[in-house]
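Student: One structure, as C-alpha cells, below. Some questions next.
What follows is calculated from the coordinates using simple rules that are stated; it is not laboratory data. All values derive from a computational prediction rather than experimental measurement. Glycine gets a Cβ as well: all are built from the backbone with ideal geometry, and neighbour counts include every protein chain shown.
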Amino acid sequence: MYKIGDIIKNRRKALRFSQEELSFGICATGTLSKIENGHHIPNRGVFEPLMERLGLPPERYPSLIDNQELEVFNLRHDIRACIYFRDYKGAEELLTKFKEISKLYTIYTQFIDYVDTLISLNNGETNENTLKRLEKVLAVSTPDFKDTPVHRLLLSDDEIRILYNISLCYQDTSRLSEELAITTKLIEYVNIRFVEIDSRISALAMLYYASSKQHGLCGNYEQSLQVAILGIKHCQNFGLLGVYPSLVFNKGYSMLELGDNEGKKCIKWAYNILDSLDDSINCKIIENYAKERNIEL
C-alpha cells in the first residue's frame, strides 16, 4: 500500500528539488519532511499546492478531509468558476464566506489576496495598481519567477493563474515584451511539468490564446497566426470551447494585418460562436473591431 508521503518524496527527488524549494511559501520544511516520512497528514490547503507544484493532479490522490476542509475546497472551486465566467459579484459574495471559514488555514491567504485583487480591478482599480498587488501576492511564494530557469520552477495552479493575470496587466500598461515572456515561459513550464494530461490541455488552451494575442499586439503577426492555428487545433482535438472563439478571432485579426482578407470569415465565425454562447462582453469587443475595419457581421 502506497503512502502519499512516498509519492511526494519520490516525485520531488525525480525532479531534483530540495525540500526547502518545494515547501517554500506553502509550509515549513520540517512539516514537509514529516509528510514525506509518513509522520504527518497534510490538510488540503497544504496538500494541493504541493501536488500541483510537482505536476501531479491532487484530485487523483486520496487525502483525509473533514467537513470544514470539504466546504473550503468546494467554495474555492466555485470562486475559481466565477472568475472564469467573469461573475465578479458572485465571486465577491463567495469570497466573504470563504474568508470566514478558512481562518484556520493561513495557506489560503495568497488565494484570498489574488481574488480580492481581481475583484478590485473589475470594480475600477487601475491596471498599474492591480499589477503591483498581483506581483506582491506572487512574491509570497514565487519571488524570482523571471530569473528562474523553467526547469527549476515549481508552480501551483493559483501561481500560474496569478502569473497569467500579471501578463494581462503588462498588456494594458504597454509592457508587451514582458507579457509575452511570461506566457512563453508558462507554456514551456506546463509542457515539461504537468503529468496529468487533462490539466495540461486546459492550461495550454488559455496560454495559446494569450500568446497569440500578445504576438499580435507586438506586431508579430506571423507568430500570432501560427500560435492561433495551433491553439484552434488544440481546442478542436480536445473539445475545448472556452477559448476557441477567441483564438478564431486572433487568427482572423492576424490574417487581416498580413493583408489576407479571408481573415474576415474568421472574425464573423468567432462572433457567431460567441453570440450563440450569449457572451455579450466579447461580442461587443468584436462589434467595435468590425466597425473599425468595415466588416459586416
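Student: Which lysines, on any chain, are close to K3 with Cα under 27 Å apart, when same-chain ones fewer than 8 places away are left out?
Tutor: Partners within reach: K13, K34.
Student: Give me the one-decimal Kirkwood hydrodynamic radius in Å for the chain, with the sum taken over alpha-carbon pairs.
Tutor: After inverting the pairwise mean of 1/r, the radius is 20.6 Å.
Student: Let me ask something else. Quick one: grab Rg to one decimal and Dmax as a whole number for the range 101-259, Cα atoms only, in Å.
Tutor: In Å, with Rg to one decimal and Dmax whole: 16.2, 58.
Student: Another question about this same structure. Give me the aspartates and glutamates in straight-line cross-link reach of K213: C-alpha distance below 16 Å, same-chain residues under 8 apart excluded.
Tutor: D172, E178, E179, E222, E257
Student: Can you tell me how much longer the chain between S120 and L258 gets when fully stretched, taken as 0.36 nm per residue apart minus their C-alpha distance, in nm with one decimal?
Tutor: Answer, rounded to one decimal: 45.9 nm.
Student: Placing +1 at every Lys and Arg Cβ and -1 at every Asp and Glu Cβ, with all other atoms neutral, what dipole size does the range 6-153 have around its Cα centre, in debye to the nearest 20?
Tutor: 460
Student: Compute the long axis of helix 88-101 from its Cα atoms, compare it with the longest principal axis of the Cα atoms of the chain, and write down the angle in degrees, 0 to 90, nearest 10.
Tutor: Between the helix axis and the principal axis of the chain, the angle is about 0 degrees.
Student: In the P(r) worked out for the range 20-116, what percent of Cα pairs fall beyond 16 Å?
Tutor: 58
Student: Here's another thing I want to ask about it. Rg and Dmax of the range 88-170, Cα atoms, in Å?
Tutor: 13.4, 38
Student: Next up: Against the globular-protein guess of 2.2 N^0.38 Å, express the Cα radius of gyration of the range 222-289 as a ratio, rounded to two decimals.
Tutor: That works out to 1.04 for the range 222-289.
Student: Still on this structure, please answer the following. Considering the dipole of the chain built from charges on the beta carbon (Lys and Arg +1, Asp and Glu -1) around the Cα centre, which of S254, L186, L176 is farthest to its positive end?
Tutor: Sorting the options by dipole projection puts first L186.
Student: When the chain is treated as a GNM, springs tying every alpha-carbon pair under 10 Å, which of E222, E59, E21 comes out with the largest mean-square fluctuation?
Tutor: Per the Cα network of the chain with a 10 Å cutoff, E59 tops the list.
Student: Trypsin sites (Lys or Arg not before Pro), restricted to the range 189-297: which are DSSP loop and have at most 16 other Cβ atoms within 10 Å?
Tutor: Filter output for the range 189-297: R293.
Student: By how many degrees, between 0 and 90 and to the nearest 10, does the Cα long axis of helix 197-217 differ from the longest principal axis of the chain?
Tutor: 40
Student: Could you list C266, C283, C218 in order of exposure, starting from the residue whose Cβ has the fewest other Cβ atoms within 10 Å?
Tutor: With the fewest neighbours first, C266, C283, C218 line up as C218, C283, C266.
Student: Here's something else I'd like to know. Which of K146/K268; K132/K265; K89/K136 have a Cα-Cα distance over 28 Å?
Tutor: Beyond 28 Å: K146/K268; K132/K265.
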